[in-house]
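Since every read-out is calculated from the coordinates, none of them should be taken as a lab result. Remember, predicted model here, so these are calculated numbers, not experimental data. Methodologically, a virtual Cβ is constructed for each residue, glycine included, from the backbone with ideal geometry; neighbour enumeration extends over all protein chains shown.
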Amino acid sequence: MKQLLVIICLIVLLIARFFHYFTNLQQPFEGKKVKIEHTFLSETKKTTTGQGFFVDGVYVLLPRFPEYQYSQSIVVEGTISQAKSKKSSTSAGTEQSEVRVLRNEGTDDQFWILKNPKVTRGKDSFLKPLLSVSSFIRQSTAGSYNRTLDAQKAALLMGMVFGIKEGMSDKFEDQLTNSGVLHVVAASGSNVALVASFTLSLLLLFLRRQVAIGCLFVILILYALISGLDPSIVRATLMGGIAFSAQLFGRQTFSYLALSFTAIVMLLIDPALITNVGFQLSFMATLGILILKPILDIKLKKIHFPTFKDDVTTTFSAQILTIPIISYHFQTFAPISFLSNLLILWTIPILMLLGGVAALLSLIHPLLSAPFLYLSFPLLSYFEYIVGLTALNPVDVTRLPLVLIAGYYCIVGAVLLKTR
């Protein structure tokens, strides 16, 4: 009861925070001069004509060189312009490859762009020492992967282990999108859940349960740092980590409260997250797994293949609550996604384990990681084959009205209440 009261108080506080934030929010407009300070917590989006990044709802487009690296701080000054629909071949002088980046980010049909601004060096972030350490680990791991595997397999494994998509070709990224498995190489709750499960299983061999869970949180924070402190991986670490550890105590009610508490606190800190696609997908996928998966596990208890059953229930649970969000933001739907996920999900824990061990050993000596990377080669080849086989053109859908999306979730909620 006390926990519920805290959540209600936080919701009231959140409503007040939303009201204050959005009533005082200054929207970008054509011809507005801006000065933006930015620290790169992830790599810039490389395109054929330049490199870019999103900040405060504006896509900042810079020349291709010099390349800006993780942990660098810059100040950009320029004039904002409004771009045309991201569905068109070009927009505001933006090349097709850049439009593809915008589409994958799930931006609105009309977006704001800051082209070729004046760039000066910014002040170093207070996180600079930690970011330097994580940058070293990222570079060491990427170097080890690239020495043993070809570029595409190395980029695929980096995406699976750390949610980093650097070095991945546009063609292969489009195939991942069309087959409905792009989430595998993106920072998500599934990455965090797998890291947590492997880590906890290992820690429980040597430590008591409570101590092991305490250590787990420290390791998850370290994982977020190594992954680049990208906002989506931070959200996934907080939401997935807390919900996962709560499940370990066997207290489902606490899982829901922990997830709600985490989401509310993040929105209090940054109300703009409510419109962020990554936040919405991360929250709804985690909620789907918490609510739907236990029910589906009971319904499918007669299936005698635990791994297959777990893949089915996890995939369906996450997708049933995220389909409306994907359709709304991207206006596409991949019907083949359920099948492609079933075919490749069983490889993810194995590849993450092999890739994670290889990453740790590469810090000692690159040659120590080679055997584990060679073991991952056939699974990576299989993954690429399935993605190529199932990369069918997605179905274009009309952007659903928000009232229909709300109705969809009401129907799902009513079915769940009746089932329980």
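Data overview
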item: FRET efficiency, Ser73 to Thr49 (Cβ-Cβ, R0 25 Å, nearest 0.05); result: 0.55
item: Approximate spin-label separation Ser140-Val218, in nm, with each point projected 7 Å along Cα-to-Cβ; result: 1.8
item: 20 Å cut-off, amide nitrogen to a point 7 angstrom out along His20 Cα→Cβ, residues in the range 264-299; result: 264-275
item: Simple label model, 7 Å out from Cα along Cβ direction - Leu268 to Thr419, nm; result: 3.2
item: Part-to-part distance (alpha-carbon centres) for the range 306-356 and the range 15-65, which is given in Å; result: 31
item: For the range 321-405: rounded, prolate or oblate by the Cα gyration tensor [a/c cutoff 1.5]; result: prolate
item: Efficiency of FRET from Cβ geometry, Ile295 and Leu13, R₀ 25 Å, rounded to 0.05; result: 0.15
item: Segment Val412-Asp170, extension gain: residue separation times 0.36 nm, minus the distance between their alpha carbons; result: 83.5 nm
item: Unsatisfied cross-links (Cα-Cα over 29 Å) in the set Lys33/Lys123; Lys128/Lys171; Lys46/Lys293; Lys115/Lys171; Lys32/Lys128; Lys46/Lys309; result: Lys128/Lys171; Lys46/Lys293; Lys32/Lys128; Lys46/Lys309
item: At R0 = 35 Å, FRET efficiency that the Cβ-Cβ distance of Asp150 and Gln82 yields, to 0.05; result: 0.30
item: Computed lengthening from Lys128 to His365, 0.36 nm per intervening residue step minus Cα-Cα distance; result: 82.8 nm
item: Ranking of Glu166, Glu67 by count of other Cβ atoms within 10 Å, fewest first; result: Glu67, Glu166
item: Pair Thr275, Leu342: separation of 7 Å Cα→Cβ label points (nm); result: 3.9
item: Residues Val265, Val60, sorted so that the one with the fewest Cβ neighbours within 10 Å comes first; result: Val265, Val60
item: Trypsin sites (Lys or Arg not before Pro) restricted to the range 18-69 and DSSP loop, no more than 14 other C-beta within 10 Å; result: Arg64
item: Ranking of Ile164, Ile8, Ile405 by count of other Cβ atoms within 10 Å, fewest first; result: Ile8, Ile405, Ile164
